[in-house]
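The values are calculated or read from the model by the stated rules, or taken from the named source; none is laboratory data. Predicted model, so just to flag it, every value in this text is computed and none were measured. Accessible surface areas use protein heavy atoms only, side chains included; no ligands, DNA or RNA. Shrake-Rupley method; radii C 1.70, N 1.55, O 1.52, S 1.80 Å.
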Amino acid sequence: MATESSDGEEERKLVGGIKLLMVDSDLREMTKNAAWTVSSCKPGNGVQCLRDDNYETYWQSDGAQPHLINIQFQKKVKLRLIALYVDYKLDESYTPSKISVRAGNGFHNLKEIKAVELLKPTGWMYIYLSGNDPREFFVNTFMLQIAVLSNHLNGRDTHVRQIKVYGPRPNPIPCQPFEFTSAEFLTYSTLR
């Protein structure tokens with residue numbers, strides 16, 4: 001279900017969640033070498049909890065909203081999907097309800113590319129970064145910012161248990177404009 005917000009940007013409402021993380025095989029996790037920062041955190045619940053693959057730990061903000069998660073890349077990358085693990089049953093008022101995803105070259109020129117409303121989410125929530133143009137599958141960026149604008153039940157601080165960011169797998173054959181995926185095509189992909 002999609003609704004129009006006042007500034008003309010499309011806002012999506014996401015309900016539910018998936019317990020197991022499932023992504024297409026043509027996507028890979030992109031943030032292993034990225035620099036992660038958060039706007040604030042409680043001691044023991046820092047940015048490392050977003051990346052530890054443990055659903056029992058979480059990043060907890062400590063301060064005024066919006067709560068920010070910044071991911072900076074060393075070079076411009078193509079991004080397709082953000083997967084967030086949140087749990088309304090455990091976190092209640094700490095669970096994010098409105099999220100804004102922003103992209104740009106740095107802090108000085110971030111632009112909102114997606115606004116999402118989460119309705120009592122439990123599990124992995126998928127946010128696809130494709131634009132309004134159906135030909136746009138990826139976002140090319142140096143920096144991604146996830147802003148938690150509000151929480152369920154008007155909560156002040158927020159809990160996010162895991163974040164994964166996915167982009168396309170590189171073409172296995174350098175300088176090859178076509179992407180050969182089957183074993184038979186790969187055998188004929190080069191000249192002898």
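Key figures for this structure:
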item	result
Quotient of C-alpha Rg and 2.2 N^0.38 Å, computed over segment 101-154	1.29
³J(HN,Hα), Karplus 6.51/-1.76/1.60, whole Hz, each residue of segment 66-74, x for Gly, Pro	x, 9, 10, 10, 10, 10, 10, 9, 6
Semi-axis lengths, Å, segment 9-52, gyration tensor of Cα atoms, sqrt of 5 times eigenvalues	24, 18, 14
³J(HN,Hα) computed for each position of segment 21-29 - Karplus, 6.51 cos²θ - 1.76 cosθ + 1.60, integer Hz, glycine/proline x	6, 10, 10, 4, 5, 8, 10, 9, 6
Cα pair distances in segment 77-170, grouped into 10 Å bins until the bin that holds the longest one, percent each	16, 46, 29, 8, 0
Carbon + sulfur, % of accessible area of segment 1-160 - ligands and nucleic acids excluded, 1.4 Å	50 percent
